[in-house]
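K.L.:
Dumping the structure here so I can ask a few things about it.
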Amino acid sequence: MAVPFRKVSNTRGRKRRTHYKISENATTTCPKCGEAVRPHRVCASCGTYKGKEVIKKEEEK
């Protein structure tokens, strides 16, 4: 089994990992209410998915 001859320094290891970055979530706009929604998910504000009402939202009184 191969074993490294020397320890990889912190700097060298961190230089190798500079491209491992977190990206922000992609969002689309809801066609009904215009709210920002993650793709392939029900809109939290109006309760629609692909133009159909999936979750009934109660009107605030």
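K.L.:
Of the listed values [x] 73; [y] 66; [z] 45, grab the one calculated as percent of Cα pairs over 15 Å apart from the structure here.
P.N.:
The calculated read-out lines up with [y].
K.L.:
Positive end of the dipole of the chain, charges at C-beta (+1 Lys, Arg; -1 Asp, Glu), about the Cα centre: which of V3, C33, Y49 has its Cα farthest in that direction?
P.N.:
Of the candidates, V3 comes out farthest on the positive side.
K.L.:
May I ask you to derive the relative contact order of the chain, considering only C-alpha pairs under 8 Å and at least 6 residues apart, and to give it as an integer percent?
P.N.:
With pairs under 8 Å counted, the relative contact order is 16 percent.
K.L.:
Mind giving me the nanometre distance, one decimal, between the label points for R17 and K56, set 7 Å out from Cα along Cα→Cβ?
P.N.:
It is 5.1 nm.
We did not get these values from a lab; they are worked out from the coordinates using the rules stated. Predicted model, so just to flag it, every value in this text is computed and none were measured. A quick note on method: Cβ atoms are made from the backbone with ideal geometry, for glycine too, and the neighbour counts reach across all protein chains shown.
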